[in-house]
Amino acid sequence: MTPYAERVRAVVAAIPPGQVLTYGDIALRMASGGARSVGGVLSRYGEELPCHRVVCSDGAVKRVDPERNAALLAAEGVPFLAPGRVDLTAARWLPELADRVLAVVERIPTGRVMTYGDVAEYLGESSARGVGRVLARSGGEVAWQRVVLSTGAPAPGHESRALALLRAERTPLSGDGTRVDLRRARWDGR
């Protein structure tokens, strides 16, 4: 097996359940070869790897047994836009983004907040949704309550806990106490 094939295998082995990469994503990480060369490696050396987590650039599940692979992805909670087509916006694995998002959230001072969009803009990323995905999966490591919706409302489903933590940090809240007062509490990252 070539060093290139070993590196491709290592990337595929690291893709967590419920997330995917495209052949092109893997090729970019290799800094050599292309999507087809990644596919070739997986065809030859893909045994015992979660190859079902590698999809085409449009999200299509086409490798070897598409129905089986789509069923495996669905069982892991991967969302689909249509049968056999993964929602890449929601399911693409972004480990570098996760590290960067968590680093920014760690820097938000007590009593201050950023919106999901603020974090995305600060990082030069295009998606507040991607920031939300990172925090939903890895946010327990940081003060996740300091990232709120653009309305100042806490993360859906976690409102009570987030508001309790924000109150304890003396974060300025709206008059009714259901959201952050962004005019007073928003942090610009400096």
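The values are calculated or read from the model by the stated rules, or taken from the named source; none is laboratory data. These figures come from a predicted structure and were not determined experimentally. Counting neighbours? That spans all protein chains shown, and the Cβs are built from the backbone with ideal geometry, glycine included.
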List the number of the failed condition for residue 30; all other conditions in (1) in contact with a Lys or Arg (Cβ under 8 Å, 6 or more places away or on another chain); (2) modelled with pLDDT of 90 or more; (3) among the hydrophobic types (A, V, I, L, M, F, W, C) hold.
(2)
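What about residue 104, is it at pLDDT 90 or above, assigned by TED's automatic domain parsing to the domain that holds residue 177 and in contact with a strand residue (DSSP E or B) (Cβ under 8 Å, 6 or more places away or on another chain)? Outline the logic, then answer.
Working: at pLDDT 90 or above: yes; assigned by TED's automatic domain parsing to the domain that holds residue 177: yes; in contact with a strand residue (DSSP E or B) (Cβ under 8 Å, 6 or more places away or on another chain): yes.
So residue 104 passes the test.
Does residue 178 satisfy the criteria of being over 30 Å from residue 92 (Cβ atoms), outside any helix (DSSP H, G or I) and out of contact with any strand residue (DSSP E or B) (no Cβ under 8 Å at 6 or more places or on another chain)? If you could, list the steps in order and put the result at the bottom.
Numbers: over 30 Å from residue 92 (Cβ atoms): yes; outside any helix (DSSP H, G or I): yes; out of contact with any strand residue (DSSP E or B) (no Cβ under 8 Å at 6 or more places or on another chain): yes.
Taking the combined requirement at face value, the residue satisfies it.
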List every residue pair whose Cβ atoms lie under 6 Å apart, where the two residues are 6 or more positions apart in sequence or sit on different chains, the first residue falls within region 13-39 and is assigned by TED's automatic domain parsing to the domain that holds residue 69 and touching a residue at least 40 places away in the same chain (Cβ under 8 Å), and the second residue, located anywhere, is in a loop (DSSP other than H, G, I, E, B) and loosely packed, with under 15 Cβ neighbours inside 10 Å.
18/77; 22/57
In region 75-96, what count of residues is obtained for those that are farther than 20 Å from residue 129 by Cα and surrounded by fewer than 14 Cβ atoms within 10 Å (Cβ to Cβ)?
2
Is at least one residue of region 146-164 among the small types (Gly, Ala, Ser) and over 28 Å from residue 77 (Cα atoms)?
yes
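Does region 104-116 contain at least one residue that is under 14 Å from the mean Cα position of the chain (by Cα), without any contact (Cβ under 8 Å) to a residue 24 or more places away in the chain and within 29 Å of residue 59 (Cα to Cα)? Don't jump to the end; show me each part of the working.
Narrowing region 104-116 to residues under 14 Å from the mean Cα position of the chain (by Cα): 116.
Retained after the next criterion (residues that are without any contact (Cβ under 8 Å) to a residue 24 or more places away in the chain): none.
For region 104-116, residues under 14 Å from the mean Cα position of the chain (by Cα), without any contact (Cβ under 8 Å) to a residue 24 or more places away in the chain and within 29 Å of residue 59 (Cα to Cα): absent.
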For region 52-67: of the residues being farther than 17 Å from residue 27 by Cβ and among the hydrophobic types (A, V, I, L, M, F, W, C), which is modelled with the highest pLDDT?
61
Go through region 107-124 residue by residue and tally those that are buried (at least 18 other Cβ atoms within 10 Å of the Cβ) and more than 24 Å from residue 175 (Cβ to Cβ).
3
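Across region 138-157, what is the number of residues that are free of Cβ contacts under 8 Å to residues at least 40 places away in the same chain and not in a loop (DSSP other than H, G, I, E, B)? If you could, list the steps in order and put the result at the bottom.
Restricting attention to region 138-157, the residues satisfying the condition of being free of Cβ contacts under 8 Å to residues at least 40 places away in the same chain are 139-141, 143-145, 148-157.
With not in a loop (DSSP other than H, G, I, E, B) added as a condition, the list becomes 139-141, 144-145, 148.
Total satisfying the criteria: 6.
In region 43-60, which residues are farther than 11 Å from residue 22 by Cβ and within 24 Å of the chain's Cα centre (by Cα)?
Start the filter on region 43-60 by keeping residues that are farther than 11 Å from residue 22 by Cβ, which leaves 43-52.
If the condition is that a residue be farther than 11 Å from residue 22 by Cβ and within 24 Å of the chain's Cα centre (by Cα), then 49, 50, 51, 52 are the ones that fit.
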Odd one out for residue 161 among (1) modelled with pLDDT of 90 or more; (2) of a type outside the set (Gly, Ala, Ser); (3) exposed (fewer than 13 other Cβ atoms within 10 Å of the Cβ)
(3)
Which number in (1) modelled with pLDDT under 90; (2) of a type in the set (D, E, K, R); (3) exposed (fewer than 15 other Cβ atoms within 10 Å of the Cβ) marks the one condition that residue 133 misses?
(3)
Please give the number of the condition residue 21 fails out of (1) surrounded by 12 or more Cβ atoms within 10 Å (Cβ to Cβ); (2) part of a loop (DSSP other than H, G, I, E, B); (3) touching a strand residue (DSSP E or B) at 6+ places or on another chain (Cβ under 7 Å).
(2)
